[in-house]
Amino acid sequence: MRIGHRLVAIAALWLAGLGTAQAADPVNVYTIWPENYARPMFQEFEKQTGIKVNFLRFSSGEALARVIAEKNNPRIDVLFGGPVETFAAGIKEGIFEPYKSPSFAKLPVRFKQADGQWTAIADDPLVFMTNAAFLKANNLKPPASWDDLLNPAYKNMLQMADARTSGTAVTRIFSVLEVNGRDEDKAFAYLKKLRQNVQVYTKSGGGGTLPVGLGQAGGGIFFIVDALETKAKGYDVVVSFPKEGIGSSAEAIALIKGAKNPEAAKKLIDFATSPAMQSKLAENKVNFVPANPEVQTEPSLAEVLKGAKIIPIDDEYAGANRKRIVERWVKEVLPAQ
Amino acid sequence: MPGWRRVAGDPALLVAIVVLWALLALFVIYPLAELLRRAFVDEGRLTLAPLLEALADESHRAAFFNSLLLATSVGGLGTALGFLFAFTAVRGGLPRHWLTVLDAAALLPLVSPPFTTSISIIFSFGPKGFISHGLLGLANVSPYGFWSTTLAETLTYFPIAYLTLRPILAAIDPNLEEMAFSLGGSRWRIFRTVTLPLAVPGFANAFLLLFAASLADFATPLILAGNSFPVLPTQAFLQITGMFDFKGGAILSLVLLVPAAAVFLLQRYWVGRRAYVTVTGKVGQRSRTRALAPWAGVLLVAGCFLVAATIVYFYALLLFASLVVAFGANNSFTLSHYQVIFTEGLPAIRDTLIIAAIGMPLGGFYGVLVGYLIARKNFPGRHAMELVAMINYALPGTIVGIAYLIAFNDPPLALTGGALIIVACYVFRYSPTGIRATVALLQQIDRSLEEASSSLGAGSSETFRRVTLPLIAPAFFAGLGVVFIRSMTAISATIFLVSISWTLITVRILENMTEMALGPAAAFSVFVIVVVYLVVAGLSAVLVRLRAPAAGAAARSFLGG
């Protein structure tokens, strides 16, 4: 046994050496924002502070599962981006360390957890996104009501995210709960009807955007940031909002309890919650709505949002019921076809 | 205890056995035990309640039966397709270079990263697919579900059946068929009563290998199965990553263990023993067999080329997607996706290559050492060692990944986050091919060679180094090849093990796909295929140079497992 252990120890040291060829005190991050949104922000942070950001991207469910699994021996310092309901679930697992950045006091109540367990860095409303050619071929107007999506013309042609892995999906389900006055049975009756038109539930929130862009699917429900990105890539898609209202989720950041580089981590949180980062969103064509009141929403984004009825998701209600609601969705909605 | 005394008298052997058992205990037994503990021990008490709960859940039961249905279909169809290729290659009378073309196309799916077939199927058979909509004019076809998953997995895994069946068919002496022919049997009757029965053990073996491969496959169903056809490996993954439910995920993956273990034992102790066809005399002097009617030959060749063309078409689509701005919307040529993978994707490429480069020699050496001990040395616990060394190979990757994640996160064995855990995962999961190749080779080499060395006074390490090692070099290189290919293409286990400092190309591909960055995903895939082909070609060249008698067989076994 001893020889085996020593061999392993030597190998481990050698491999550990391979992994640590970096400058002192970087900050380690799981980002829930896709890389193409997160990378320019981290580069800006590195430029301003000289602190290197090591990051890995996961969808919100995966990231949270990782952080919980690593609780006794945290591998990261900051959880970056992702809808607040994910962070609310994380609070229950006791994985965050409260921290209030200098911007904390200026933020509206909706954009922060009272103890500073998480702070919002952006706002991200959901939208309906449809393929223009599909609408034309089926003589449809862009959907303007939740019930429009139940039209048989959409049968097997909608794609949206799976609630087991995606915060987008959870925000969508809570939107349906809100427009139904939190009447769960009514909301689930709607979701089961919607299921009939869904081709596939994707693992990631933006997973369905490319199929909708390509016409593999006719439409779906996505965060505005993903929908506008699809449009910017050149796919002919239409963004619309339901008249009953649709949910918006704040995107948050949090310090991990037991973080090994807390000082660098706090600097990243200071940066992300302030205009220093949020003023760079528009410049990098990342279409999140800034959370910090000192940063103006970019005019073309404001134009898209004009007239839309946006319902902020109550994170306390969402956090308290998330697990149960998702389980009910998996049991009742997924197999309802 | 004469066995122990013999071992004790040979220090090199003793050290090797102790070290190997220590490694097996650490990287095979301990993680699996941790997984079992996590699943069945609740607050210090043994309980089966969570298991019963999981089995009572209707969607989990459906996933279990779906997994079996999928594996059976893929096993059957893949074996049929593999037989078509093998029979054509052996009896079709194709010129050599055409056979090479056919081989290259057939092996493409085996050396590719996951998802490649899946992406192409979506683009070909989706609602706006090139084939379903563009060619056939169908609307609203769903590319998700049982059939597309079966198609993708069959195309991905049938080469295993091909590689298993080809040597067996080649070993059937055409003279047998010739004799039956001259006795007045019809061609169909001969095929039915002579050729097929001789190939039956091969069929069973190929079927079980495909069954196991499909059972363990996580990537294809994740993309293609959709929601109406859930299967166990993806359910286990979603249970953990989506519901933060480690216990549930562990239990689901253990449910998968039952059919996986059954198939493995069946293959090994029942079919494995029979899967040999006795060869007598020289087989080089064959004239073309008359056992195949000309029209049948044409039909077989046409069938093979149709399948090969489908595969080539799928990969052409992938290459195309990697070279255009936005697939389907803006088809103008660009190299920007390759620029992305060689700048932003460079860490993943570097990490993957480093891990593959470290794992390759370790895996090759480990395989040869274990194979040698099992085949040549008589020591207590030999069979147990053989069985334990096979465990991680027989288990679906999801189980191994979850077990490693659970076992190696907390001190003192906090290996998650490093490269070692990924390397260990690959070495202990993919070296068994090297072990089997070594055992097979040694069974063909007479023991007396080594005995002569011992009686001349050489110790067991010197005999191993100077006599045995040169003889089993082909198996060593075969082992290297398999570990390298898997290090470049596997995902099911390692998706749980990547970290901030160490990530992998395959995980990046999945990430790109879920982020709708199809271009970089395709570019990464093309890169992996090119690298793997180059390395395999290099290793094959080494094997040819060795001119060892069994080099050819070892080269074939590259991909056989």
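The values are calculated or read from the model by the stated rules, or taken from the named source; none is laboratory data. From a predicted model like this one, the values you see are computed outputs, not experimental measurements. Neighbour counts run over all protein chains shown; Cβ positions are idealised from the backbone, glycine included.
With respect to B:Ala54, determine if the residue is modelled with pLDDT under 90, farther than 30 Å from B:Gly248 by Cα, assigned to a helix (DSSP H, G or I) and small (Gly, Ala, Ser). No.
Restricting B:Thr164, B:Thr193, B:Thr154, B:Thr149 to those that are at negative phi, within 14 Å of another protein chain (Cβ to nearest Cβ) and touching a helix residue (DSSP H, G or I) at 6+ places or on another chain (Cβ under 9 Å) reduces the list to B:Thr149. Only helices (runs of 4 or more DSSP H) whose full extent lies in the stretch B:184-234 are considered here, and the ones with at least 3 residues that are within 17 Å of the chain's Cα centre (by Cα) and buried (at least 20 other Cβ atoms within 10 Å of the Cβ) are B:196-216, B:219-224. Considering each residue of the stretch B:268-277 in turn, none proves to be at pLDDT 90 or above, of a type in the set (A, V, I, L, M, F, W, C) and surrounded by 14 or more Cβ atoms within 10 Å (Cβ to Cβ). Here B:Leu84 passes the criteria (1) closer than 25 Å to B:Ser253 by Cα; (2) at pLDDT 90 or above except the one numbered (1).
Quick one: in the stretch B:105-137, of everything that is of a type outside the set (Ser, Thr, Tyr) and within 16 Å of B:Leu306 (Cβ to Cβ), which residue is nearest to the other protein chains (Cβ to nearest Cβ)? Taking the candidates together, the pick is B:Ile131.
Has the stretch A:69-77 got at least one residue that is part of a helix (DSSP H, G or I) and in contact (Cβ under 8 Å) with a residue 24 or more places away in the chain? First the steps, then the outcome.
Initially, the stretch A:69-77 is screened for residues part of a helix (DSSP H, G or I), giving A:69.
Add one more test, that the residue is in contact (Cβ under 8 Å) with a residue 24 or more places away in the chain, and what stays is none.
Checked against the condition, which is being part of a helix (DSSP H, G or I) and in contact (Cβ under 8 Å) with a residue 24 or more places away in the chain, the stretch A:69-77 yields no hits at all.
Listed by first and then second residue, the pairs linking a residue in the stretch A:188-199 that is within 11 Å of chain B (Cβ to nearest Cβ) to a residue that is of a type in the set (Val, Ile, Thr) and in a helix (DSSP H, G or I), with Cβ atoms under 8 Å apart and 6 or more places separating them unless they lie on different chains, are A:Arg195/A:Val333. Across the stretch A:101-147, the number of residues qualifying as surrounded by fewer than 20 Cβ atoms within 10 Å (Cβ to Cβ), more than 30 Å from B:Pro127 (Cα to Cα) and free of Cβ contacts under 8 Å to residues at least 40 places away in the same chain comes to 5. Only one entry in B:Leu198, B:Leu209, B:Leu155, B:Leu176 is closer than 30 Å to A:Gly208 by Cβ and either modelled with pLDDT of 80 or more or out of contact with any Asp or Glu (no Cβ under 8 Å at 6 or more places or on another chain) (or both), namely B:Leu155.
Starting from residues that are of a type in the set (D, E, K, R) and part of a helix (DSSP H, G or I), keep the ones in the stretch B:443-477 and report whichever is nearest to B:Ser431 (Cα to Cα).
Taking the stretch B:443-477 first, the residues of a type in the set (D, E, K, R) are B:446-447, B:450-451, B:462, B:465-466.
From what's left, part of a helix (DSSP H, G or I): B:450-451, B:462, B:465-466.
On the way: B:Glu450: 24, B:Glu451: 27, B:Glu462: 24, B:Arg465: 20, B:Arg466: 23 Å.
Applying the filter and picking the extreme gives B:Arg465.
Of the residues examined, B:Thr72 is one that is of a type in the set (Ser, Thr, Tyr), under 18 Å from the mean Cα position of the chain (by Cα), in a helix (DSSP H, G or I) and modelled with pLDDT of 85 or more. B:Arg91 passes every criterion in (1) within 13 Å of another protein chain (Cβ to nearest Cβ); (2) of a type outside the set (Phe, Trp, Tyr); (3) buried (at least 21 other Cβ atoms within 10 Å of the Cβ) apart from (1).
If you filter the stretch A:78-100 down to residues that are in contact (Cβ under 8 Å) with a residue 24 or more places away in the chain and assigned to a loop (DSSP other than H, G, I, E, B), you find that the one that is farthest from A:Gln296 (Cα to Cα) is A:Gly94. Of the residues examined, B:Ala521 is not one that is of a type in the set (Gly, Ala, Ser) and within 10 Å of chain A (Cβ to nearest Cβ).
What do you reckon, is A:Ala38 free of Cβ contacts under 8 Å to residues at least 40 places away in the same chain, among the aliphatic types (A, V, I, L, M), within 13 Å of another protein chain (Cβ to nearest Cβ) and out of contact with any Leu (no Cβ under 6 Å at 6 or more places or on another chain)?
Numbers: free of Cβ contacts under 8 Å to residues at least 40 places away in the same chain: no; among the aliphatic types (A, V, I, L, M): yes; within 13 Å of another protein chain (Cβ to nearest Cβ): yes; out of contact with any Leu (no Cβ under 6 Å at 6 or more places or on another chain): yes.
When the stated conditions are applied, A:Ala38 does not pass them.
Set side by side, the residues A:Val78, A:Val84, A:Val67 differ, and just one is crowded, with 18+ Cβ neighbours inside 10 Å and over 12 Å from A:Ala259 (Cβ atoms), which is A:Val84. For the stretch A:140-147, check the following and say yes or no: at least one residue is more than 14 Å from chain B (Cβ to nearest Cβ), under 17 Å from A:Phe241 (Cβ atoms) and out of contact with any helix residue (DSSP H, G or I) (no Cβ under 9 Å at 6 or more places or on another chain). Yes, the conditions are met somewhere in the stretch A:140-147.
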